[in-house]
1. Pairs, please: C-beta under 9 Å, at least 6 apart or cross-chain, first residue within 9 Å of Thr36 (Cα to Cα) and in region 62-75, second open to solvent by 20 Å² or more (accessible area, probe 1.4 Å) and of a type in the set (Lys, Arg)?
2. Please go through region 110-131 and give me each residue that is open to solvent by 10 Å² or more (accessible area, probe 1.4 Å), under 19 Å from Phe29 (Cβ atoms) and not charged (D, E, K, R), ordered by number.
3. Filter region 8-25 for residues that are over 22 Å from the mean Cα position of the chain (by Cα) and open to solvent by less than 80 Å² (accessible area, probe 1.4 Å) and give the result.
4. Taking Arg28 as meeting all but one of (1) among the basic types (Lys, Arg); (2) open to solvent by 80 Å² or more (accessible area, probe 1.4 Å); (3) within 22 Å of the chain's Cα centre (by Cα), write down the number of the exception.
5. When you scan region 153-201, how many residues do you find that are open to solvent by less than 40 Å² (accessible area, probe 1.4 Å), assigned to a loop (DSSP other than H, G, I, E, B) and without any contact (Cβ under 8 Å) to a residue 24 or more places away in the chain?
6. For region 17-36, state whether one or more residues are in a helix (DSSP H, G or I), more than 24 Å from His143 (Cα to Cα) and touching a strand residue (DSSP E or B) at 6+ places or on another chain (Cβ under 6 Å).
Amino acid sequence: PGAPAAVERHRTCVQVMVPSVDSSLEARFDAARRATCLGAVFASLPVATAVYFPNGDTVVAPDKWIEAAKTALKGEVPFFQWITLGVEPVPDGRDPVPVTAQTIGVAAFTGHEMLLPLARIPPDEAAKLVFGAAVLHLQYGNHFTDGDTLGPEDDPTLKLRIRHAPEGTLGLQTDTWVFLHPNSTLAPREEELFGKRPGIAPPPGM
C-alpha cells in the first residue's frame with residue numbers, strides 16, 4: 001500500500017548488495033538477512049520513502065522493512081516483505097470463478113516458485129494454501145516430490161497433488177512446484193500437462 005506514491009516521491013536511492021557464500025538455502029537466507037539489516041539502517045532515516053526488494057519484486061514501507069530486519073534476525077523469514085503473494089481471478093464464464101495463486105521471490109532462495117492454478121475456491125483459501133506451502137519450503141526446508149500430495153492439517157480430506165513444472169511449462173518463467181487442487185480446472189489434464197506421475201503405482205484398490 002502506498003507504493004506508487006512512494007516511487008513518485010523518490011529522488012535517489014542507495015543500493016545494498018550482499019552476495020551469498022554458496023548456493024545453499026542457509027547461505028542465501030544469511031545474505032538476504034544481512035542485506036535486510038543493512039537496508040533497515042537506511043530505512044530508519046527520515047528521508048526514506050520505501051525499500052525495493054528485487055528478489056520478490058516487493059516495494060515495502062520503511063517501518064515494515066525495519067520489522068523485516070527484526071524478524072530475519074530471529075532466524076525467521078519475513079514473508080510479506082521478501083515475497084510477493086499474488087492471487088488473480090481467471091473468469092471462464094462459470095461460477096465459482098477460478099483463481100490462481102502464486103509466489104514471486106521464493107525461487108531466489110530455493111530455485112522454485114509455488115503455484116496453485118485455476119482452482120474454483122475462494123481467493124483467501126487459495127492464498128493460504130500457497131502461503132502454507134511456501135512456509136514449509138522456505139522456513140522449514142521441506143522438500144517436495146513430484147507426484148506426492150500435500151494437505152493442510154485442519155482438513156485431512158483435502159489433498160493437493162504436487163507436480164514439478166520445469167521452466168517453460170505452462171509459460172512459467174522459472175522452475176515451479178505446482179499444487180493441483182481437486183477443484184482445479186487443470187486437474188483432469190494433469191498427466192497431459194505434467195507427464196506421468198513418477199514412482200511405484202499403488203496396489204489395486206489403494
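The values are calculated or read from the model by the stated rules, or taken from the named source; none is laboratory data. In this text, all values refer to a predicted model and were calculated from it rather than measured experimentally. Positions of Cβ are generated from backbone atoms using ideal geometry, with glycine treated the same way; all protein chains shown enter the neighbour counts. For accessibility, only protein heavy atoms count, side chains too; no ligands or nucleic acids. Shrake-Rupley method; radii C 1.70, N 1.55, O 1.52, S 1.80 Å.
1. Short answer, once both residue conditions are applied: Ala69/Arg33; Ala72/Arg33; Ala72/Arg34.
2. Thr110, Gly111, His112, Phe131 - these are the residues of region 110-131 that are open to solvent by 10 Å² or more (accessible area, probe 1.4 Å), under 19 Å from Phe29 (Cβ atoms) and not charged (D, E, K, R).
3. Val16
4. It is condition (2) that Arg28 fails.
5. The qualifying residues number 1.
6. Step one: list which residues in region 17-36 are in a helix (DSSP H, G or I), which gives 25-36.
Next, only the ones that are more than 24 Å from His143 (Cα to Cα) stay: 34-36.
Cutting the leftovers down to touching a strand residue (DSSP E or B) at 6+ places or on another chain (Cβ under 6 Å) gives us none.
No, region 17-36 contains no residue that is in a helix (DSSP H, G or I), more than 24 Å from His143 (Cα to Cα) and touching a strand residue (DSSP E or B) at 6+ places or on another chain (Cβ under 6 Å).
Residues are listed down the side, and each one gets a yes or a no for (1) part of a strand (DSSP E or B); (2) closer than 30 Å to Ser184 by Cβ; (3) open to solvent by 70 Å² or more (accessible area, probe 1.4 Å); (4) among the basic types (Lys, Arg):
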residue: Phe42; (1), (2), (3), (4): no, no, yes, no
residue: Ala48; (1), (2), (3), (4): no, no, no, no
residue: Asp63; (1), (2), (3), (4): no, no, yes, no
residue: Glu76; (1), (2), (3), (4): no, no, yes, no
residue: Phe80; (1), (2), (3), (4): no, yes, yes, no
residue: Asp92; (1), (2), (3), (4): no, yes, yes, no
residue: Asp95; (1), (2), (3), (4): no, yes, yes, no
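Each row is one residue, and each column tells you yes or no for (1) open to solvent by 20 Å² or more (accessible area, probe 1.4 Å); (2) more than 21 Å from Lys128 (Cβ to Cβ); (3) modelled with pLDDT under 95.
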position	(1), (2), (3)
Thr36	no, yes, no
Val51	yes, yes, no
Thr71	yes, no, no
Val87	yes, no, no
Gln102	yes, no, no
